[in-house]
Amino acid sequence: MAQQIKKPVALVCSSGSALLNYFPAVAEAFYSDIPLVILSADRPEELLEIGDGQTIQQEGVYGKHILYNANCKEGNDEQVFNETEINIALNTALELNGPVHINLPFTEPLYSTVEKLDVNPQNVPARTVSEEIPENLHELVAQWNNSSKKMILVGVLSPNSVEEKYIDALAKDESVLVFTETTSNLHHKNFIPAIDQLITSLDEEDFKALQPDILLTFGGMVVSKRIKKFLRNHKPKAHWHVDAKKAYDTYFSLSQHIKTTPNTFFKAFLPKTKQVSSPYQHNWLASKNKRTTLHHKYISTVPYSDFKVYSEIFKYLPNNTQIQVANSAAIRYAQLFDIPSAVQVFCNRGTSGIDGSVSTAVGAAYASQLPTVLITGDLSFFYDSNGLWNNYISSNFKIILINNSGGGIFRILPGAKDTQHFNQFFETRHQLTAQHLCKMYDFEYLSVNDETTLKERLNHFFSEINSSSEKPKILEVFTPSEVNDIVLSDYFKFIN
Ligand SMILES: Cc1ncc(C[n+]2csc(CCOP(=O)(O)OP(=O)(O)O)c2C)c(N)n1
């Protein structure tokens, strides 16, 4: 919900391990800059560490993955302290967009109500985050105007984060090459959305030609391992990251943290820059177009497999839908296909866990007006299927479950498949299906085992997506695990 409404959402639980169950979400929110307020009940200090029931060390339990811990205390003398702490916690969640923890100890009786509140939280307004234009803006402009190879790489961004006029200005400059990840929700015909499609199997000479003088990044985490490897091995002379809060040195070459939003930066920066004539964008777009042609040729030849299934899903995704994509093969496949600009894309890439995809999608569907489709692998789905045990599942919520009987991603990663006991310990092969869960949670269930049925059911599934009278639904697509990785590795050979 917080991912959608971009405002703090409260999570309330009792004491003990209850609050540890929030930990994956806390860590994800910490790295994805999503505001959450954890309210945990605790027992009074004298009952801790003496063997009383349902007690653990709750103060600071989220360690380094929390922006603020308000450790409230019991007693009338503590009123001002508690009120201040609560205010700091709430303002921190608002100002820094992340998780905060408010721990609240209570003495029994726990189930009665009071006439008068113990605290009246202070209302000190949150500060607005400063929008700092770099002092050395003129130096950055000079560097930019003197460079004929500028690369922009965009990670996770909420839809409509960057104004159209800046997108157009960047796309027009021949010396600027823009790589967008699927999770960036940015689109332009002069951008390169399928990064891996372009850079896989490039040789050293190509990499040298691609190596930028300036790398400008914004948005959150980057999915493509290949672009990270390329940029670490072929470092730019300068790396600037634009973000009001933080800048990671992902490519070991960070030279400037521009502490503001992309829109504010571009507003100050772009009018001062000039277009530089360069073959950089043109050459790489030509290369992209060649590979796109081969991409379509390949799809028309491939057998029924994960690759084929994802290609059909992304081809027919209806506009004005949001997709919630799970880790890990699902989001990696998503990066290879064109996704319509009227489709919003979300994925838990803060920590890339498989442990919250269902829950996140359920909450997002509830908070959003748009039809919401979770696209997930089987392990990610079953691991978090408890997220379906929920009184607030909206009828706009649908799931496409690509069931390849295990962690298909591990067949794709180099080396893993040749290890001993691969099936048992890496792929964790299983024969589960979602059919029984659908019965239990009152979802409509459809399954697919071949290409013809896939096309038919997918068509039906998407055509009904806007109907609010529908029940939530799962389309479970079974794919052959032994074929999937071969089809994908042949794809990269083919497009090269
Ligand atoms: C909580 C957690 N545990 C383990 C992992 C490591 N991991 C990454 S992807 C993956 C398997 C995902 O399998 P599945 O959901 O079936 O998707 P597929 O790769 O088959 O598409 C695992 C175990 C993780 N990301 N998060």
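The values are calculated or read from the model by the stated rules, or taken from the named source; none is laboratory data. Since this is a predicted model, take the numbers as computed values, not measurements. Because the Cβ atoms are built from the backbone with ideal geometry, glycine has one as well, and the counts that use them run over all protein chains shown.
Kindly establish whether Glu85 is surrounded by 19 or more Cβ atoms within 10 Å (Cβ to Cβ), of a type in the set (D, E, K, R) and more than 16 Å from the ligand (Cβ to nearest atom). Before you say what the answer is, go through the steps one by one.
Details: surrounded by 19 or more Cβ atoms within 10 Å (Cβ to Cβ): yes; of a type in the set (D, E, K, R): yes; more than 16 Å from the ligand (Cβ to nearest atom): yes.
Taking the combined requirement at face value, the residue satisfies it.
Quick one: which residue in Ser467, Ser481 is farther than 17 Å from Phe410 by Cβ, among the hydroxyl-bearing types (Ser, Thr, Tyr) and either surrounded by 14 or more Cβ atoms within 10 Å (Cβ to Cβ) or in the same structural domain as Ile393 (by TED's automatic domain parsing) (or both)?
When all the criteria are applied, what remains is Ser467.
Within region 65-90, which residues are assigned to a loop (DSSP other than H, G, I, E, B), over 25 Å from Gly350 (Cβ atoms) and modelled with pLDDT of 95 or more? I'd like the intermediate steps shown before the answer.
If we filter region 65-90 for residues that are assigned to a loop (DSSP other than H, G, I, E, B), which is where we start, we get 65-67, 72-75.
Right, trim to over 25 Å from Gly350 (Cβ atoms) and you get 72-75.
Hits for region 65-90 are Cys72, Lys73.
Hey, can you tell me all the residues within region 297-340 that are away from the ligand (no atom under 16 Å from the Cβ), within 22 Å of the chain's Cα centre (by Cα) and not hydroxyl-bearing (Ser, Thr, Tyr)?
Lys315, Leu317, Pro318, Asn319, Asn320, Gln322, Asp338, Ile339, Pro340 - these are the residues of region 297-340 that are away from the ligand (no atom under 16 Å from the Cβ), within 22 Å of the chain's Cα centre (by Cα) and not hydroxyl-bearing (Ser, Thr, Tyr).
Just one of the numbered conditions (1) surrounded by fewer than 16 Cβ atoms within 10 Å (Cβ to Cβ); (2) within 16 Å of the ligand (Cβ to nearest atom); (3) among the aliphatic types (A, V, I, L, M) is not true of Leu437; which one?
Tallying (1) surrounded by fewer than 16 Cβ atoms within 10 Å (Cβ to Cβ); (2) within 16 Å of the ligand (Cβ to nearest atom); (3) among the aliphatic types (A, V, I, L, M), Leu437 fails exactly one: (1).
What pairs can you find where one residue is in region 431-445 and within 16 Å of Tyr383 (Cα to Cα), the other is surrounded by 15 or more Cβ atoms within 10 Å (Cβ to Cβ) and aromatic (Phe, Trp, Tyr), and their Cβ atoms are less than 6 Å apart, with a gap of 6+ or different chains?
What qualifies is Leu432/Phe382; Gln435/Tyr445; Cys438/Tyr445.
With the structure loaded, tell me whether Lys116 is surrounded by fewer than 17 Cβ atoms within 10 Å (Cβ to Cβ), part of a loop (DSSP other than H, G, I, E, B), basic (Lys, Arg) and at pLDDT 95 or above or whether it fails that test. Steps first, please.
Working: surrounded by fewer than 17 Cβ atoms within 10 Å (Cβ to Cβ): yes; part of a loop (DSSP other than H, G, I, E, B): yes; basic (Lys, Arg): yes; at pLDDT 95 or above: no.
The answer is no for Lys116.
Does region 174-184 contain any residue that is surrounded by fewer than 16 Cβ atoms within 10 Å (Cβ to Cβ), outside the structural domain of Arg349 (by TED's automatic domain parsing) and within 24 Å of Lys6 (Cβ to Cβ)?
The first filter runs over region 174-184 and keeps only residues surrounded by fewer than 16 Cβ atoms within 10 Å (Cβ to Cβ), leaving none.
The answer is no; no qualifying residue exists.
Tally time: how many residues in region 367-423 are under 22 Å from Ile331 (Cβ atoms), aromatic (Phe, Trp, Tyr) and either part of a loop (DSSP other than H, G, I, E, B) or more than 12 Å from the ligand (Cβ to nearest atom) (or both)? Before the answer, list the steps.
Residues of region 367-423 under 22 Å from Ile331 (Cβ atoms): 367-368, 370-388, 396-417.
From what is left, the residues that are aromatic (Phe, Trp, Tyr) are 381-383, 397, 410.
Narrowing the set further to residues that are either part of a loop (DSSP other than H, G, I, E, B) or more than 12 Å from the ligand (Cβ to nearest atom) (or both) leaves 397.
Count: 1.
Within region 348-366, work out how many residues are within 16 Å of the ligand (Cβ to nearest atom), surrounded by 24 or more Cβ atoms within 10 Å (Cβ to Cβ) and not in a loop (DSSP other than H, G, I, E, B).
The qualifying residues number 4.
Inspect all residues belonging to region 324-336 and state whether any of them is part of a helix (DSSP H, G or I), aliphatic (A, V, I, L, M) and over 21 Å from Gly219 (Cβ atoms).
Filtering region 324-336 down to residues part of a helix (DSSP H, G or I) leaves 329-334.
When the remaining residues are screened for being aliphatic (A, V, I, L, M), the result is 329-331, 334.
With the extra rule that they be over 21 Å from Gly219 (Cβ atoms), the set shrinks to 329.
Yes, there is a match, as at least one residue in region 324-336 is part of a helix (DSSP H, G or I), aliphatic (A, V, I, L, M) and over 21 Å from Gly219 (Cβ atoms).
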